[in-house]
Amino acid sequence: MSRSQRLFDLLQVLRRHRRPVSGRVLAEETGVSLRTLYRDIASLQAQGADIEGEPGLGYVLKPGFLLPPLMFTPEEIEALVLGTRWVAQRADSHLQGAARNALARISAVLPPELRTELETSPLLVGPGDALPTGRIDLSILRGAIRAERKVSIIYRTGGGEPSARVVWPFALSFFDRARVVIAWCELRNGFRHFRTDRIETAEVLEDRYPKRRQALLRAWRDVEGVPTRDV
């Protein structure tokens, strides 16, 4: 393995850990000796990576470090292309455009041989069922989730009856046949799932909900028995 690839792998491992992780664990995950691990951390710090910590206490990578153009593996390129193609076909129009733009930016900084791999990837996304047409712009809900704002909605139940709700949206889930907002519902005093094609109106309120988005997501996972994933 080249040194640049080794440093890239170390950065990826550090990004997966949001809390300090010991040098021994990092060495095991990257397949190097502890001495090499310490040298690699020093090299990354010299290149501008904001890695805090020291032997015996653990290390954590602070956000904001931008990688120089480094090598992607063929599998990583295929994963990027396949995921982007799915978003470009199955997400709402704003995310579709963002996915294409992101892939173009990645392509622009890749070495020529890897750019060819990206542009000629044979992995395709097959056609799916037509998604139900919704009345609201999903970018409104995504903005409310990022800002942790309450949203007033008019929602039609499966039987077609309208219901006024104030919800705390904290996640948006994309399925093959529907898009679903996951939220705390003040009316029901519990977690609820709202299909976006049944939301008649949505108004983002000035009030922020009293809990952090990640705390709500963790609580929802516990209630629903959904395992936590790294991505």
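The values are calculated or read from the model by the stated rules, or taken from the named source; none is laboratory data. These numbers come from a predicted model, not from an experiment. Quick reminder, even Gly has a Cβ in these numbers, built from the backbone with ideal geometry, and neighbours come from all protein chains shown. Remember, those area values only see protein heavy atoms, side chains included, never the ligands or the DNA or RNA. Shrake-Rupley method; radii C 1.70, N 1.55, O 1.52, S 1.80 Å.
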Practice prompt. Return yes or no: is Gly143 exposed (fewer than 15 other Cβ atoms within 10 Å of the Cβ) and without any contact (Cβ under 8 Å) to a residue 24 or more places away in the chain?
Written response: no
Worksheet item: Would it be correct to say that Ala215 is closer than 25 Å to Gln96 by Cα and among the aliphatic types (A, V, I, L, M)?
Response: no
Worksheet item: Is it the case that Glu54 is farther than 30 Å from Pro122 by Cα, within 26 Å of the chain's Cα centre (by Cα), among the acidic types (Asp, Glu) and open to solvent by 30 Å² or more (accessible area, probe 1.4 Å)?
Response: no
Practice prompt. Quick one: which residue in Arg39, Arg90, Arg16, Arg100 is open to solvent by 50 Å² or more (accessible area, probe 1.4 Å) and in contact (Cβ under 8 Å) with a residue 60 or more places away in the chain?
Written response: Arg16
Response to the item:
Those residues of the stretch 1-25 which are of a type in the set (Lys, Arg), part of a helix (DSSP H, G or I) and at pLDDT 80 or above amount to Arg6, Arg15, Arg16, Arg24
Worksheet item: Taking Lys62 and the conditions (1) touching an Asp or Glu at 6+ places or on another chain (Cβ under 6 Å); (2) open to solvent by less than 50 Å² (accessible area, probe 1.4 Å), which numbered condition does it fall short on, given that it satisfies the others?
Response: (2)
Worksheet, complete the sentence: If we keep only residues of the stretch 146-172 that are open to solvent by 30 Å² or more (accessible area, probe 1.4 Å) and among the polar types (S, T, N, Q), then the residue nearest to Thr133 (Cα to Cα) is Thr157
Worksheet, complete the sentence: For Pro210, the lone unmet condition from (1) open to solvent by 50 Å² or more (accessible area, probe 1.4 Å); (2) touching a residue at least 24 places away in the same chain (Cβ under 8 Å) is (2)
Response to the item:
Residue count, the stretch 168-204, condition part of a loop (DSSP other than H, G, I, E, B) and touching a strand residue (DSSP E or B) at 6+ places or on another chain (Cβ under 6 Å), comes to 3
Worksheet item: Applying the selection to the stretch 114-131, what residues are within 18 Å of Arg179 (Cα to Cα) and either open to solvent by 50 Å² or more (accessible area, probe 1.4 Å) or assigned to a helix (DSSP H, G or I) (or both)?
Response: Pro127, Asp129, Ala130
Item to complete: Hey, could you check the stretch 19-35 for residues that are free of Cβ contacts under 8 Å to residues at least 12 places away in the same chain and either open to solvent by less than 30 Å² (accessible area, probe 1.4 Å) or of a type in the set (D, E, K, R) (or both) and say which is farthest from Glu52 (Cα to Cα)?
Response: Glu28
